[in-house]
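Throughout, read-outs are computed from the coordinates displayed, never taken from laboratory work. Since the structure is predicted, the reported quantities are computational estimates derived from the model, not experimental observations. Note that we place each Cβ from the backbone using ideal geometry, even for glycine, and neighbour counts take in every protein chain shown.
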Amino acid sequence: MVDVQAKLGNMDEVSQIVQHMAEDGCKPDTITHSTIAKGYAVKGDLDKAMEIVRGMQEQKIPHDCIVYNTILDGCAKHRRPDLVDTILSSMEQHKIVPTNFTLGILVKVYGRTQQLEKAFDALETMPKKGKFVPNSAVWTGMLAACLQNNQPARAMKVFQNMCATGEPVDSRMCSSLVAGLVRQKMWQAAVEVVDTVYGLTGSRPLGASIVQDTLESLLAALAQNGLRDELGTSLLERLRAAKVPVSGRLMASALASKDSPRHAPARQQKEAAWSAEKPTKNMNRRY
C-alpha cells in the first residue's frame, strides 16, 4: 500500500498508513523509508525527501545508493540543482557508493542547467569512486549535454571516446550529433560520424543508423558549400556500397550544387519553369 500511494505522490495517505503501522507495532524498515522518500521526490518535495534520509541516518537504518538516486532523479525532473551538492556530500559522508545511474542523473542535471564542466568532472571522478565503467546511457547523456550546451566539438570527442569503449550507441543521438555538427559547419566531423556509424571506412558498423532527413541535410549542405566533389559524392558512394538505404531525395541532395536551379532565386526558378512549359513557334506550326 505504501509503495502504491508513494508512486502516485499521495503522501497524506502514506503518512496515515505509516501511522497505523506504528500503532500496530510495525516499525518501518529500510524499504518503507526509501519508498516514502521516493514518494516525496515524485511529488517534488525534495527537501522533505532529504529529511526522510536524515531520519534514517539518525536512527541507524541501513540505506544504499538507490534512495539517493531517487532524490537526484527528482532534482532533474523538478529542476532543483541547488540540492545536488548536499546530496553528494551526504553520500560521501555516509560512504554510499555511486553507480552508473547516479552518474547518468548528474550528467542530466548538469546538462540542463548549463554546468557542462561539472558534468565532465563527474564523468572523470565518479567511476573511480564507484569502481564502475560508464555505460551506454551515461555516454549518451553526456553527448546530449554537450549538444544542449551548443558544444558540438566536445560532443564529437565524447562520441569518439564512447566508440573506443565498445559501448552500444544510440541512433537518435547519432542523428542529433550529425545535425549539430552540420549547424556548426563542421562538415568533416559530420562525415566522420556517418562513416563511423555505418563502418564505411573499414571499421565495424556500430549497429545504429542516422535518419534520412539528417543525411539529406548533410549532403545538401556539402553541395551548397562547394564540397560536393570533395566530400558529398564520395560519401554517397560509400553509403550505397554498404547497402545503406538511399532515397531519391538523398541522391538529389548529394548531386545538387549552389548554382543549380534548386538554389536559384525564386524569380529565376519561375522564369525557367515558364520557359520550359511555353511552346515554341516551331512546335505550334502546322505542316
In whole angstrom, how far apart do the alpha carbon centroids of the range 115-149 and the range 181-207 sit?
-> 22 Å
Report Rg/Rh for the range 82-150, rounded to two decimals, where Rg is the Cα radius of gyration and Rh the Kirkwood radius.
-> 0.96
Pairs 43/128; 38/95; 118/185; 48/157; 157/243; 38/157: which are spaced more than 30 Å apart, C-alpha to C-alpha?
-> 43/128; 48/157; 38/157
Ranked by how many other beta carbons lie within 10 Å on average, peptides 232-245, 166-179 from highest = 166-179, 232-245
Any idea what the dipole of the range 48-131 comes to, in debye rounded to 20, about its Cα centre with Lys/Arg Cβ at +1 and Asp/Glu Cβ at -1?
-> 160 debye
Let me know the charge dipole size of the range 154-207 about its Cα centre in debye, to the nearest 20, where only the beta-carbon of Lys, Arg (+1) and Asp, Glu (-1) is charged.
-> 200 debye
For the pair residue 213 and residue 128, how long in nm is the line joining their label points, each one 7 Å along Cα→Cβ?
-> 4.3 nm
Potential lengthening between residue 82 and residue 225 on full extension [0.36 nm per residue; Cα-Cα distance subtracted] | 47.0 nm
About the Cα centre of the range 140-247, how large is the charge dipole given +1 on each Lys and Arg Cβ and -1 on each Asp and Glu Cβ? Please answer in debye to the nearest 20.
-> 100 debye
Once you sort the root eigenvalues of the Cα gyration tensor of the range 136-203 as a ≥ b ≥ c, which label holds: rounded (a/c under 1.5), prolate (a/b larger than b/c) or oblate (the other case)?
-> oblate
For the range 48-71 and the range 74-90, what is the separation of their Cα centres, given in Å?
-> 14 Å
With N residues in the range 164-209, Rg(alpha-carbon) / (2.2 N^0.38 Å) equals 1.10
